[in-house]
Amino acid sequence: MYVCDPSRIARLTPVLALALAGACNSGEKSATAGARDSTAATAAAPVACPDSSAGLTLPDGFCASVFADSVAHGRDVVVASNGDVYVTVEGTAPSPEKKLSGADKGPAPYSFAALRDTNHDGRADIIKHVGSLGNTGIGISNGYLYVDEGKRIVRYARPDTQLVPTAKSEVVVSGIPLGPGHRARNFVIGSDGALYVNVGSPSNSCQKEDRGNESPGKDPCEELSTRAGVWRFAANKLNQSFSPSARYATGIRNGMGLAFGPDGKLYATQHGRDQFLQNWPKIFPDPKYSADNPAEELLQVNQGDDFGWPYCYYAQDQKKLVDAPEYGGDGKKTDRCANKKEPVAVYPGHWAPMSLLFYNGSAFPARYRNGAFIAFHGSWNRAPEPQEGYRVVFQPMNGAAAGGNYETFANGFAGVPPAQLQPGTAKHRPTGLAQGPDGALYVSDDMGGRVYRITYGANKQ
């Protein structure tokens with residue numbers, strides 16, 4: 001790694017020496033505003049970045065490096081207070097979207113990876129594999145490492161100096177419904193000591209025949225009693241059992257991003273339903289409508305909230321929740337949606353928001369503090385329109401409301417021309433997000449096995 005060493009600078013050519021010296025002396029500077037929508041370009045990382053192997057485009061002043069390059073199937077990521085990094089691996093089974101899109105690479109043979117950078121050069125030099133069954137969620141709280149194993153969530157006692165937990169795992173919650181459908185059991189632990197768990201839907205839109213052409217919806221949708229919502233348990237109580245009575249909020253098809261904001265409130269990102277054109281061609285004959293709808297959503301979640309799935313979806317053109325076609329909808333009717341909670345912000349259809357992080361560090365420019373980063377896995381079902389997403393965006397926030405349009409923050413993960421982009425052709429797909437103790441942003445990748453580390457200004461190493 002190149003550092004700002006005057007003796008090294010002096011040995012460079014005059015032009016390069018001048019450029020590098022200026023970069024070393026510039027300190028932190030304001031980042032550009034970045035893209036204001038899904039298509040605007042971001043500025044490339046400056047020449048002073050010591051490592052360009054990550055291949056990402058970022059706002060001016062930011063650098064991306066490859067922290068690790070061999071964590072296959074990596075899902076969520078968390079960073080301990082001593083800088084150790086933990087990444088779950090998808091082991092129970094691939095998601096329905098991965099199976100349908102051809103991006104399924106089979107299960108991983110361990111539960112999570114433990115990574116440590118011993119020489120502080122920004123790259124992991126110790127990588128250990130732990131356990132035998134992983135899934136998606138991972139977190140650290142009160143001296144324990146919590147891990148999602150699909151049907152249960154376990155925890156390991158973890159002193160901060162210990163990379164690999166030596167204590168046996170303890171079961172926190174068991175009996176969580178897993179198949180069919182959305183299998184991620186990502187979670188977040190609140191300051192109230194509660195464990196909030198995403199339990200995604202078993203189907204696309206609660207049809208009598210899942211993903212069947214013009215198949216009507218089940219009414220009422222009995223799936224909601226045990227799926228498609230957020231469940232709450234005690235984080236410090238062992239051997240709890242899943243129960244419908246523990247449901248905290250409902251109508252969330254698949255809340256892959258769960259995080260507490262700076263206001264102390266719970267937020268989630270929702271994966272919208274699929275296949276308007278394929279399942280309802282008479283109502284939605286326009287391929288572009290099917291590609292753009294429904295919007296992906298950022299939700300603010302309180303106890304008892306209902307966000308509308310499967311009865312409603314967010315229509316981009318109507319800018320509100322409207323009735324789903326399975327329940328008599330035509331893209332405009334709102335009969336079933338009057339008492340459903342609207343999102344805080346919306347994003348292009350089928351981008352697949354995988355994780356959510358509210359940045360509270362000081363290493364990035366001040367405008368990023370208390371805003372939200374969202375990792376979008378990328379679409380599989382926008383055809384014949386181009387596939388999109390495959391990026392990390394920044395959402396400015398103003399309390400519990402959006403503080404402006406989202407901005408593309410990190411792009412270039414896919415590594416292929418847009419015309420060739422498909423889930424199976426993308427080289428990398430951003431999945432998990434975590435903030436390090438030094439303020440660096442970590443991004444996991446479940447396609448190519450990378451863990452990226454994004455830094456700003458003088459905090460590049």
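The values are calculated or read from the model by the stated rules, or taken from the named source; none is laboratory data. None of the values given here were measured: they were computed from a predicted structure. Please note: Cβ atoms are built from the backbone with ideal geometry, for glycine as well, and neighbour counts cover all protein chains shown.
Summary of computed values
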read-out	value
Residue among ARG273, ARG247 that alone is among the basic types (Lys, Arg), within 24 Å of SER355 (Cβ to Cβ), assigned by TED's automatic domain parsing to the domain that holds GLN207 and buried (at least 23 other Cβ atoms within 10 Å of the Cβ)	ARG273
Criterion (farther than 14 Å from PRO310 by Cα, acidic (Asp, Glu), in contact with a Gly (Cβ under 9 Å, 6 or more places away or on another chain) and assigned to a loop (DSSP other than H, G, I, E, B)) met by exactly one of ASP210, ASP160	ASP160
Qualifying residue in the stretch 236-244 (condition: buried (at least 17 other Cβ atoms within 10 Å of the Cβ), assigned by TED's automatic domain parsing to the domain that holds ASP76 and under 24 Å from the mean Cα position of the chain (by Cα))	no
Residue in the stretch 449-459 that is in a loop (DSSP other than H, G, I, E, B), among the basic types (Lys, Arg) and closer than 25 Å to ALA114 by Cα present	yes
Selected residue (only one of VAL197, VAL154, VAL173 is closer than 30 Å to ARG116 by Cα, in contact with an Asp or Glu (Cβ under 7 Å, 6 or more places away or on another chain) and assigned to a strand (DSSP E or B))	VAL154
Whichever residue in the stretch 263-311 is farther than 17 Å from GLN207 by Cα and among the polar types (S, T, N, Q) and, among such residues, is nearest to the chain's Cα centre (by Cα)	THR269
Candidates ALA103, ALA108 - the one that is modelled with pLDDT under 95, of a type outside the set (D, E, K, R), assigned to a loop (DSSP other than H, G, I, E, B) and surrounded by 22 or more Cβ atoms within 10 Å (Cβ to Cβ)	ALA108
Filter pass, LEU321 being touching a residue at least 24 places away in the same chain (Cβ under 8 Å), outside any loop (DSSP other than H, G, I, E, B) and not polar (S, T, N, Q)	no
From LYS333, LYS340, residue being of a type in the set (D, E, K, R) and either free of Cβ contacts under 8 Å to residues at least 24 places away in the same chain or under 24 Å from PRO285 (Cβ atoms) (or both)	LYS333
Residue within the stretch 277-291 that is in contact with a strand residue (DSSP E or B) (Cβ under 8 Å, 6 or more places away or on another chain), among the aliphatic types (A, V, I, L, M) and buried (at least 18 other Cβ atoms within 10 Å of the Cβ) present	no
Flag if GLY83 is touching a strand residue (DSSP E or B) at 6+ places or on another chain (Cβ under 6 Å), closer than 22 Å to THR118 by Cβ and modelled with pLDDT of 95 or more	no
Selected residue (only one of GLY361, GLY378, GLY415 is surrounded by fewer than 21 Cβ atoms within 10 Å (Cβ to Cβ), in contact with a Leu (Cβ under 9 Å, 6 or more places away or on another chain) and small (Gly, Ala, Ser))	GLY361
Residue check for PRO384: touching a helix residue (DSSP H, G or I) at 6+ places or on another chain (Cβ under 6 Å) and over 20 Å from VAL301 (Cβ atoms)	yes
Residue list for the stretch 371-381, restricted to those being out of contact with any strand residue (DSSP E or B) (no Cβ under 6 Å at 6 or more places or on another chain) and not aromatic (Phe, Trp, Tyr)	GLY378, SER379, ASN381
Test result for GLY415, out of contact with any strand residue (DSSP E or B) (no Cβ under 9 Å at 6 or more places or on another chain) and under 30 Å from HIS120 (Cβ atoms)	yes
Single residue of the stretch 159-194 satisfying the filter (under 30 Å from SER205 (Cα atoms) and among the aliphatic types (A, V, I, L, M)) that is surrounded by the fewest Cβ atoms within 10 Å (Cβ to Cβ)	ALA194
Scan of the stretch 246-289 for residues that are assigned to a helix (DSSP H, G or I) and in contact with a Gly (Cβ under 8 Å, 6 or more places away or on another chain), ordered by number	ASN279, TYR289
Failed item, numbered, when TYR390 is tested on (1) surrounded by fewer than 24 Cβ atoms within 10 Å (Cβ to Cβ); (2) within 24 Å of GLN278 (Cβ to Cβ)	(1)
Flag if ASP219 is over 25 Å from ILE140 (Cα atoms) and surrounded by fewer than 21 Cβ atoms within 10 Å (Cβ to Cβ)	yes
Residues located in the stretch 55-80, provided they are within 26 Å of ARG273 (Cβ to Cβ) and either at pLDDT below 95 or among the basic types (Lys, Arg) (or both)	HIS73, ARG75
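A quick yes/no check of all residues on (1) touching a residue at least 40 places away in the same chain (Cβ under 8 Å); (2) over 30 Å from SER52 (Cα atoms); (3) of a type in the set (S, T, N, Q):
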{"position": "GLY122", "(1), (2), (3)": "yes, no, no"}
{"position": "ASP125", "(1), (2), (3)": "no, no, no"}
{"position": "GLY131", "(1), (2), (3)": "no, yes, no"}
{"position": "GLY139", "(1), (2), (3)": "yes, no, no"}
{"position": "ASP148", "(1), (2), (3)": "yes, yes, no"}
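The rows are residues; the columns are (1) out of contact with any strand residue (DSSP E or B) (no Cβ under 9 Å at 6 or more places or on another chain); (2) at negative phi; (3) of a type outside the set (Lys, Arg).
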site: THR161; (1), (2), (3): yes, yes, yes
site: GLU170; (1), (2), (3): no, yes, yes
site: GLY175; (1), (2), (3): no, no, yes
site: GLY181; (1), (2), (3): yes, no, yes
site: PHE187; (1), (2), (3): no, yes, yes
site: SER191; (1), (2), (3): no, yes, yes
